[in-house]
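Participant: Quick one: the structure is below, questions incoming.
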Amino acid sequence: MDHNALYLLSVDDTCRRLIEMWMTDCSWSCHYKENVGQLLADVSDRVPAIVLIDSGVVSDIATTVRALRSLLGSASALPILLLTPHVEEAGQGCNAVLHMPLVQDRLLDAVSEWTGPLDDKAFRSLDNPYYRLIRVVGQSRAAGMLTRCIAALRQALEKIAKGAAPQAIAHDVAGMCGMMGFEKLSTAWSAVEYDEPDALEKAIELTQATIERKPSR
């Protein structure tokens with residue numbers, strides 16, 4: 001995966017020039033694609049952080065989006081932004097719509113919404129569960145979900161400290177962590193649910209570490 005790469009499906013020279021200038025200022029690379037076939041082949045070969053599609057190039061946007069979503073591996077959750085001059089145009093499966101003419105702040109905000117901090121390449125690792133969540137729901141929703149998850153983890157630890165049965169709590173905690181993409185944490189609490197040796201101590205230690213570092217960046 002190319003963590004600071006943007007693929008742009010467009011033949012509009014002005015659109016290309018502006019996006020390349022703005023993204024280069026953020027230390028990103030911008031790669032142009034002239035047709036859907038080229039885009040699909042290149043995404044299959046090397047997954048970028050995000051794809052922008054100019055509605056003027058694609059006659060059937062929904063079909064193009066479905067083709068991208070059907071790719072294997074991390075490409076299936078690739079954020080897709082639609083660029084269009086038509087205010088009433090729906091996203092047709094894209095993560096967001098940007099109306100043309102493009103404005104720098106709006107474009108950068110939209111890219112950041114679906115890829116995380118533009119200046120933090122290391123953040124865009126698929127090993128980072130918060131980044132994986134952002135790719136699916138966007139940074140605004142992901143932030144709220146993470147806050148609620150951390151609060152629920154604190155509450156679970158407090159209940160156990162006050163004498164609540166860990167097994168009664170572990171199932172829900174494991175499910176929540178799995179949904180959020182915290183696989184190791186989910187596995188640790190599943191072990192508590194099944195009363196495996198030393199499982200509670202390990203789950204608490206991992207939970208405390210997760211709370212302390214709160215992976216918001």
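The values are calculated or read from the model by the stated rules, or taken from the named source; none is laboratory data. Computed from a predicted model, the values in this text were never measured in an experiment. FYI the Cβ positions are ideal-geometry reconstructions off the backbone, even for glycines, and counts take in every protein chain you see. Ligands, DNA and RNA are excluded from the accessible area calculation, which covers all protein heavy atoms including side chains. Shrake-Rupley method; radii C 1.70, N 1.55, O 1.52, S 1.80 Å.
Participant: Looking only at region 1-33, count every residue that is in a loop (DSSP other than H, G, I, E, B) and more than 17 Å from Val47 (Cα to Cα) and tell me the total. If you could, list the steps in order and put the result at the bottom.
Facilitator: As a first pass, look at region 1-33 and keep what is in a loop (DSSP other than H, G, I, E, B): 1-4, 10-12, 25-28.
Subset that is more than 17 Å from Val47 (Cα to Cα): 10-12, 25-27.
Final tally of qualifying residues: 6.
Participant: Please pick out the residue among Val51, Val58, Val47 that is closer than 23 Å to Gly138 by Cβ, under 15 Å from the mean Cα position of the chain (by Cα) and in a loop (DSSP other than H, G, I, E, B).
Facilitator: On the way: Val51 fails: in a loop (DSSP other than H, G, I, E, B); Val58 fails: under 15 Å from the mean Cα position of the chain (by Cα).
None of the other options fit; the residue is Val47.
Participant: Related question: Considering each residue of region 111-141, count those that are modelled with pLDDT of 95 or more and among the small types (Gly, Ala, Ser), and give that number.
Facilitator: Of the residues in region 111-141, 3 are modelled with pLDDT of 95 or more and among the small types (Gly, Ala, Ser).
Participant: Something else: Looking at (1) free of Cβ contacts under 8 Å to residues at least 24 places away in the same chain; (2) open to solvent by 30 Å² or more (accessible area, probe 1.4 Å); (3) not in a loop (DSSP other than H, G, I, E, B), find the lone condition where Ser74 falls short.
Facilitator: (1)
Participant: Which pairs have Cβ atoms under 7 Å, sit 6 or more apart or on different chains, and link a residue in region 149-178 that is touching a residue at least 24 places away in the same chain (Cβ under 8 Å) to one that is among the acidic types (Asp, Glu) and in a helix (DSSP H, G or I)?
Facilitator: Pairs that qualify, where the first residue is touching a residue at least 24 places away in the same chain (Cβ under 8 Å) and the partner is among the acidic types (Asp, Glu) and in a helix (DSSP H, G or I), are Gln167/Glu193; Ala170/Glu193.
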